[in-house]
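Just below is one structure, and these are the notes that go with it.
The values are calculated or read from the model by the stated rules, or taken from the named source; none is laboratory data. Everything numeric in this text was worked out from a predicted model, so none of it was measured. Virtual Cβ from ideal backbone geometry, glycine too; neighbours counted across all protein chains shown.
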Amino acid sequence: MTDLSVETLINQLTETLAPLFSSTDSVQDQPIIVGIETGGFWVAQQLHKNLKPDTELGKLNITFYRDDYTKIGLHPTVKPSSLPSDIDGKTIILVDDVLYSGRTVRAAMNELFDYGRPEKILLVILIDRGGRELPIQADIVAQRIALEADEQIKLEGPDPLRLRINRIDQA
C-alpha cells in the first residue's frame with residue numbers, strides 16, 4: 001500500500017465509477033454520492049469533484065446510529081446529516097474511507113433508510129482492511145490490505161489526504 005497515494009486510490013475509484021454516470025439518460029437516473037463523516041465524506045468530495053455529477057453530494061453523520069454508542073461516548077459537536085431531499089428509488093453510492101468491522105456501514109444504511117428507500121446502495125471503500133464482524137462487503141474497493149491485530153489505518157486530512165498506520169496501545 002505504501003506505493004499508492006490517496007490520490008491514486010481515488011483516481012482508481014473514479015475510473016471504476018465513471019461508467020455509472022455516463023450511462024444515465026437524465027439527472028433523475030444519476031447515482032447520488034453520499035460520504036460517511038469524516039474520512040468517507042472527504043473521499044466522496046474528491047469523487048464528486050472528479051465525476052462532476054448533476055446530483056448533490058450527500059453527507060451522513062452516523063453518531064446516533066452506531067451500536068457502540070455507549071462505548072465511544074457522545075461527540076460534543078454532532079452535526080446533522082445532509083442528503084438530497086428525495087432518495088426514494090435512487091442509486092446511492094455510499095462512500096467510506098476504511099472498511100473494518102462493518103458496523104459503520106450498517107449504521108449508515110440504517111440512517112439512509114430513515115430518509116427514504118433507495119433502489120440500490122453501492123458501497124465504495126478506499127481501504128478494506130478485513131476483520132469483519134458483520135456480513136457486509138464493499139462493491140468497489142481501491143485497495144485491500146492486511147494489518148496486524150494491534151494496527152489500525154486512518155485517513156487524515158482533509159488537505160492533503162494521507163493514510164497513516166498506527167499501533168494500538170495494548171493496555
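Is one or more of the residues making up the stretch 137-149 surrounded by fewer than 15 Cβ atoms within 10 Å (Cβ to Cβ) and within 19 Å of I33 (Cα to Cα)?
The answer is yes, given that some residue of the stretch 137-149 is surrounded by fewer than 15 Cβ atoms within 10 Å (Cβ to Cβ) and within 19 Å of I33 (Cα to Cα).
Looking only at the stretch 98-117, count every residue that is touching a residue at least 60 places away in the same chain (Cβ under 8 Å) and farther than 18 Å from E133 by Cβ and tell me the total.
1
For the stretch 122-143, name all the residues that are over 18 Å from T14 (Cβ atoms) and either without any contact (Cβ under 8 Å) to a residue 24 or more places away in the chain or not basic (K, R) (or both).
G130, G131, E133, L134, P135, I136, Q137
Within the stretch 87-115, how many residues turn out to be under 20 Å from Q45 (Cα atoms) and part of a loop (DSSP other than H, G, I, E, B)?
Residues in the stretch 87-115 being under 20 Å from Q45 (Cα atoms) and part of a loop (DSSP other than H, G, I, E, B): 2 in total.
Could you check N166 against (1) more than 17 Å from the chain's Cα centre (by Cα); (2) part of a loop (DSSP other than H, G, I, E, B) and say which number it fails?
Condition (2) is where N166 drops out.
Name the residue that is modelled with the highest pLDDT, counting only residues in the stretch 78-136 that are among the small types (G, A, S) and in contact with a strand residue (DSSP E or B) (Cβ under 6 Å, 6 or more places away or on another chain). Don't jump to the end; show me each part of the working.
Going residue by residue through the stretch 78-136, those that are among the small types (G, A, S) are 81-82, 85, 89, 101-102, 107-108, 116, 130-131.
Narrowing further to those that are in contact with a strand residue (DSSP E or B) (Cβ under 6 Å, 6 or more places away or on another chain): 81-82, 108.
Numbers: S81: 88, S82: 89, A108: 96.
Going through the qualifying residues, I end up with A108.
Could you list, in sequence order, all residues of the stretch 55-77 that are modelled with pLDDT of 95 or more and either more than 20 Å from L161 (Cβ to Cβ) or in contact with a helix residue (DSSP H, G or I) (Cβ under 7 Å, 6 or more places away or on another chain) (or both)?
Result: L57, K59, L60.
Only residues that are modelled with pLDDT of 75 or more and either more than 30 Å from I165 (Cβ to Cβ) or of a type in the set (S, T, N, Q) (or both): list them for the stretch 1-27, please. Talk me through it step by step, then tell me what you get.
Just the residues of the stretch 1-27 that are modelled with pLDDT of 75 or more, to begin with: 5-22.
If the condition is that a residue be modelled with pLDDT of 75 or more and either more than 30 Å from I165 (Cβ to Cβ) or of a type in the set (S, T, N, Q) (or both), then S5, T8, N11, Q12, T14, T16, P19, L20, F21, S22 are the ones that fit.
Which number in (1) farther than 17 Å from E37 by Cα; (2) buried (at least 18 other Cβ atoms within 10 Å of the Cβ) marks the one condition that K120 misses?
Condition not satisfied by K120: (2).
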